[in-house]
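Comments concern the structure below.
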Amino acid sequence: MRTDHGLNRPSCSNSKWPLPPPHGPPYGRTVTARSIEHGQLTYLQIPAVDPQASARFYARVFGWKLEQGHPSSFEAPGMLFGQWVTGRPVAPDGGPLLWIAVRNIVDGLREIGAAGGQVLEGPSPDGPRLIATFRDPAGNVVGIVQEPS
């Protein structure tokens, strides 16, 4: 087991080229070597105009946990960590598309609208799953996906 005691990474909010996260999980968590698989997505930086507004949105809609004292840093299910950053342009039209799992896509879209997001495309089939897209408070286009039951 290894432990990372606290946040020992530089702030990325004003950097044109944010530095990668340190080795090991942030937030003082202890994990076994088998907790994170080679090739697993584990760290994400999401562009934001107002990091705290984006943090509130993702916490409300998806239940992402915010780090005490560092509300622009988050932990999402599946050992995914990250932060909302202001030094990176918002991705409204291009670049990779982030897909977030939801239990029920209709309820997810309802909550997205109630939290200040903008639904772009309603539920549509994609193989055995349902997908939809929305614009978050900063203007990023993000997808949600409901896997078959």
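The values are calculated or read from the model by the stated rules, or taken from the named source; none is laboratory data. The shown structure was predicted, so the numbers you read here are calculated from the model rather than taken from an experiment. So basically every Cβ, Gly included, is an ideal-geometry build from the backbone, and we count neighbours across all protein chains shown.
So, of the residues in the stretch 43-102 that are within 20 Å of residue 135 (Cβ to Cβ) and of a type in the set (Asp, Glu), which turns out to be modelled with the lowest pLDDT?
93
Can you find a residue that is over 29 Å from residue 86 (Cα atoms) and modelled with pLDDT of 95 or more anywhere in the stretch 106-119? Talk me through it step by step, then tell me what you get.
Our first condition is that a residue be over 29 Å from residue 86 (Cα atoms); within the stretch 106-119, this holds for 106-107.
Of the ones still in play, those that are also modelled with pLDDT of 95 or more are 106-107.
So far as the stretch 106-119 goes, yes, one or more of its residues are over 29 Å from residue 86 (Cα atoms) and modelled with pLDDT of 95 or more.
Just the residues that are of a type in the set (Phe, Trp, Tyr) and in contact (Cβ under 8 Å) with a residue 40 or more places away in the chain, please, taken from the stretch 69-109.
Restricting attention to the stretch 69-109, the residues satisfying the condition of being of a type in the set (Phe, Trp, Tyr) are 74, 81, 84, 99.
Hits for the stretch 69-109 are 81, 84, 99.
Just one of 145, 85, 141, 102 is closer than 26 Å to residue 37 by Cβ and in contact with a Lys or Arg (Cβ under 8 Å, 6 or more places away or on another chain); which is it? Walk me through how you get there before you give the answer.
On the way: 85 fails: in contact with a Lys or Arg (Cβ under 8 Å, 6 or more places away or on another chain); 141 fails: closer than 26 Å to residue 37 by Cβ; 102 fails: in contact with a Lys or Arg (Cβ under 8 Å, 6 or more places away or on another chain).
Only one candidate qualifies: 145.
Inspect the stretch 74-86 for any residue being closer than 17 Å to residue 61 by Cα, in the same structural domain as residue 56 (by TED's automatic domain parsing) and assigned to a loop (DSSP other than H, G, I, E, B) and give the result as yes or no.
Let us first name the residues in the stretch 74-86 that are closer than 17 Å to residue 61 by Cα, namely 74-78, 80-84.
Okay, now just the ones that are also in the same structural domain as residue 56 (by TED's automatic domain parsing), so 74-78, 80-84.
Narrowing further to those that are assigned to a loop (DSSP other than H, G, I, E, B): 77-78.
Among the residues of the stretch 74-86, at least one is closer than 17 Å to residue 61 by Cα, in the same structural domain as residue 56 (by TED's automatic domain parsing) and assigned to a loop (DSSP other than H, G, I, E, B), which makes the answer yes.
Specify the residue that is farthest from residue 118 (Cα to Cα); the eligible residues are those in the stretch 46-73 that are aliphatic (A, V, I, L, M) and either assigned to a helix (DSSP H, G or I) or in contact with a Phe, Trp or Tyr (Cβ under 7 Å, 6 or more places away or on another chain) (or both).
66
Which of the residues spanning the stretch 66-111 are of a type in the set (Asp, Glu), out of contact with any helix residue (DSSP H, G or I) (no Cβ under 8 Å at 6 or more places or on another chain) and closer than 17 Å to residue 53 by Cβ? Before you say what the answer is, go through the steps one by one.
Filtering the stretch 66-111 for residues of a type in the set (Asp, Glu) gives 67, 75, 93, 107, 111.
From the residues that got through so far, the ones that are out of contact with any helix residue (DSSP H, G or I) (no Cβ under 8 Å at 6 or more places or on another chain) too are 67, 75, 93, 107.
Matches in the stretch 66-111: 67 only.
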